[in-house]
Amino acid sequence: MDAAILITIVLYMLSTAGYLAYFFLQRSRLQQAGLALLVAGFLSHTAAIAIGFAHKGHIPVSNLPETLSFAGWAVAGAFLVLHYRYNLKILGVYAAPVVALVMAIVPLLPKTPAETPAVFKSFWLVAHVTAIFIGEAAFALAAGAGLLYLLQDNAIKTKRSRFFFKRLPSLDLLDSTGYACIVVGFSLLTLGLITGLVYAKSFWGRFWSWDPKEVWSAISWLYYAVLLHGRLTTGWRGRRSAILAIVGFGVLLFTFLGVNFFMEGHHKEFTK
Amino acid sequence: MHDILLIGINHKTAPVELRECLGFAKERTDGAIGALRRLPGVCESLLYSTCNRVELLLVSEDKRASAEAAKAFIAEFNQIPLARFESALYLHENEHAARHLFRVASSLDSMIVGEPQILGQIKDAYRQASAAKTTGVILNRLLHRTFFVAKRIRTETGIGGRAVSISYAAVELARKIFGALDGKRVLLIGAGEMAELAVEHLLRHPVAETFVANRTFENGLALAARFNGRAIRFEEIGEHLKRVDIVISSTGAPGLVITREEVRTVARARKNRPLFFIDIAVPRDIDPEINRLDNAYVYDIDDLKGVIEENIEDRQKEAVKGERIIDEAVVRFREWHESLDVVPTIVSLRQKLDAMAETEIRRTLHGNALPPESAQALARMMAAFINKVLHEPTVFLKHEGMQANKALYLDAVRKLFKLDE
């Protein structure tokens, strides 16, 4: 598994280099190379996770490196889906470095010896973890689209930074991509929370136990619910929607990592 | 050897007052290229005349006489003394002429680098000249190379890439905001000529609807009819701001026509959809403060000019890549052109036959050594045979009487024996 992870990291880093070079030099060959490397990285990453799964007999999210790796895998996969669905090349400039960075941290973290607690053996857990992580990956991409939106918006408003103006796509495309990501992220987050509740019921005998992670997940869910509601009713779009998507991802990051470091709770053992 | 001559004036060497005196109107070009073809020493001719340049392209066997005669011809044709424009004329020969033509056709020599019209104008001129049969093997080859080079530069560099007119710059900006422009609604305020110029390209896209607001409703009606749009009254502008996506304003009004407050209040009704203002009026019609509202963008005439200037700089950077492509093409054309001389052609023909003879002898002998006397006899026989074969073609090509068609025959010989590979 470690070899596969190392290969994955190298491929993601090369992909990042390809995308960054593309951003500055604007050669479509570089973008194609970046994409091909990302696909290769994603495949070896999938293999690494599959090996982990087979080795342990449960979904490999039992310590922080594994969890991070799974999150990185979800972001890479979500970006690839988005790329082939909308042909949005430029988002790779954001997605590839994010994935590479997340994965670069993985081997640096200490691994806790893996015992297999009973808590892992359930279909509901697999569904819960997968839905939540892919949902979070979609939110990460929404934040990326939001960031690019703000750069382009600023370039058009100030009439100065021609660098971004030339390289970034239209505001409309960035806005609708961000929106699509949030819709997907919200659907999966909802699904992830429901399966989590069912799993909690089956394992601890109650749906809700005021675990900090649960509370913060509910806060994230409400936040995105408000964001979507605002968009559909009063038209929160464009700049405001971009800022909200970035802030939302911050809330989500806190739910994902911050809660584990600063608070106690039954999710803690997943990220020891 | 036949020389290629290019004689002309352009926007860099002559002011417009002079250029307009030297133009060749399209109807009169036929007569002019025919007359040029009959000048002393000239065997091929072509000319193109645009508002920025007049250039004659000649193939001549006596370049001095032809150049003088051509200058005199321009003066006579336009009825203007040679002394008035001679200092503005430039004369390029052979590879310099080819380079100049490549640069002109690729729009590297244009006033606005990368503008696409010039290539079409040269194509027309070539079509006209070949219909009048004033072009021959050299100009045919040169012009085909020119079109090839120009096309290559257009596809391989970004020379024509970015907007360099107000109208195109407006479209480019609108695309960066809205993506596709179909289904967008446009409001024109003011029915002046500037408004028409600015929307010219925008309205070529299938926009959903165009509204025209003008102080004089009748003028608005007339303009709206031209664009398949609808005329509205000036007082209705506020109401229409709720529905349109792009506003182009060009009134002669002394004060603001649309204020920040008006735009701010319609934002909610618009569900914050982006609104793009193009203000080409001086003094300005649109409150520049609107640009600070979310999802509203204001570009005035100076902003658009700024965009254009930067785009022109970009094009000039791309033009450097174009020059490299031209360098390469000039070298290849020169090689071909120089090969169109009798001596090098006969030399390479002889080399080719020698090589063939040597190969065939080797193959026949299969590596068996002949006695030295027999080998020498065989070599002498082959040399004599080659001399006999080459005798008539050499006499023919060197014959004085066929000067006019020399390039044609040399080109044919080179092709028949594949001497250029």
**Karplus-derived HN-Hα couplings along the range B:90-102 (A = 6.51, B = -1.76, C = 1.60, θ = phi - 60°), whole Hz, x at Gly and Pro** = 10, 10, 10, 10, 6, 4, 5, 5, 4, 4, 4, 4, 4
**Request:** Among DSSP beta bridges whose residues both lie in the protein assembly as shown, state the antiparallel percentage, nearest 5.
**Result:** 45 percent
**Prompt:** Averaged over peptide B:172-180, how many Cβ atoms belonging to another chain are found within 10 Å of each residue's Cβ?
**Reply:** 5
**Item:** Phi to ³J(HN,Hα) by Karplus 6.51 cos²θ - 1.76 cosθ + 1.60 over the range B:188-196, Hz, x for Gly, Pro
**Value:** 9, 10, x, 10, x, 5, 4, 4, 4
**Request:** Holding the Cα-Cα limit at 23 Å, pick out from A:Lys166/B:Lys12; B:Lys151/B:Lys317; A:Lys89/B:Lys176; B:Lys63/B:Lys133; B:Lys123/B:Lys176 the pairs that are longer than that.
**Result:** A:Lys166/B:Lys12; B:Lys123/B:Lys176
**Prompt:** B:Ala213's amide H: which non-local residues (gap 5+, or another chain) put their own amide H closer than 5 Å, with H modeled 1.01 Å from N in plane and none for Pro or chain starts?
**Reply:** B:Leu188, B:Ile189, B:Gly190, B:Ile232
**Message:** Taking a ≥ b ≥ c as the square roots of the Cα gyration tensor eigenvalues, with a/c under 1.5 meaning rounded and otherwise prolate when a/b beats b/c, else oblate, which class fits the range B:3-160?
**Reply:** oblate
**Item:** Amide H contacts under 5 Å for B:Glu44, placed H, 5+ residues apart
**Value:** B:Val59
**Prompt:** Can you work out ³J(HN,Hα) from phi for every residue in the range B:307-323, in order, using Karplus 6.51 cos²θ - 1.76 cosθ + 1.60 and θ = phi - 60°, giving whole Hz and x for Gly and Pro?
**Reply:** 4, 4, 4, 5, 5, 5, 4, 4, 4, 5, 5, 5, 4, 4, 5, x, 4
**Prompt:** Among B:Leu89, B:Leu223, B:Leu378, whose mean-square fluctuation peaks in a Gaussian network model of chain B (Cα, cutoff 10 Å)?
**Reply:** B:Leu378
**Fill in**
Fewest-first ordering of B:His337, B:His96 by Cβ atoms within 10 Å yields B:His96, B:His337
**Complete:** Taking a crude spin-label model, label points 7 Å out from Cα along the C-beta direction, the B:His366 to B:Ala384 distance in nm is 2.8 nm
**Request:** Name all residues of the range B:1-23 having a backbone nitrogen under 13 Å from the label point set 7 Å from the Cα of B:His96 along its Cα→Cβ direction, giving them as ranges.
**Result:** B:4-8
**Request:** Averaged over every viewing direction, what's the projected area of the C-alpha convex hull for the protein assembly as shown? Give it in nm², one decimal, please.
**Result:** 47.1 nm²
**Fill in**
Given B:316-323, A:52-59, B:370-377, the highest-first ranking by average Cβ count within 10 Å works out to B:316-323, A:52-59, B:370-377
**Asked** Can you give the average number of partner chain beta-carbon atoms within 10 Å of each beta-carbon in peptide B:287-297, as a whole number?
**Response** 3
**Asked** Per-residue ellipticity at 222 nm for the protein assembly as shown, helices alone: DSSP H runs ≥ 4 residues times -39500 (n - 2.57), over residue total, nearest 500 deg cm²/dmol?
**Response** -21000 deg cm²/dmol
**Cα centroid separation, the range B:18-74 to the range A:155-187 (Å)** = 55 Å
**Asked** Going 7 Å from the Cα of B:Lys26 in the Cα-to-Cβ direction, what parts of the range B:96-125 have a backbone nitrogen less than 11 Å from that spot?
**Response** B:121, B:124-125
**Asked** Tell me, what is the FRET efficiency for A:Asn154 and A:Leu80 to the nearest 0.05, using R0 = 25 angstrom and their Cβ-Cβ distance as r?
**Response** 0.30
**Request:** Let me know the mean shielding of A:233-245 by other chains, meaning the per-residue number of their Cβ atoms within 10 Å of its Cβ.
**Result:** 3
**Separation in nanometres of the label points that stand 7 Å from Cα toward Cβ, at B:Lys352 and A:Val247** = 8.0 nm
**Item:** Chain lengthening between B:Val320 and B:Trp336 when straightened (0.36 nm per residue, less Cα-Cα)
**Value:** 3.3 nm
**Prompt:** For the residues B:Met381, A:Met13, what sequence is obtained by ranking on other C-beta atoms within 10 Å, fewest first?
**Reply:** B:Met381, A:Met13
**Request:** Order by neighbour count: B:Cys43, A:Cys181, fewest other Cβ atoms within 10 Å first, most last.
**Result:** B:Cys43, A:Cys181
**Request:** Report the calculated FRET efficiency for B:Lys12 and B:His144 (r = Cβ-Cβ distance, R0 = 35 Å), to the nearest 0.05.
**Result:** 0.85
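Since every read-out is calculated from the coordinates, none of them should be taken as a lab result. Given the structure is predicted, the values throughout are model-derived calculations rather than measurements. Positions of Cβ are generated from backbone atoms using ideal geometry, with glycine treated the same way; all protein chains shown enter the neighbour counts.
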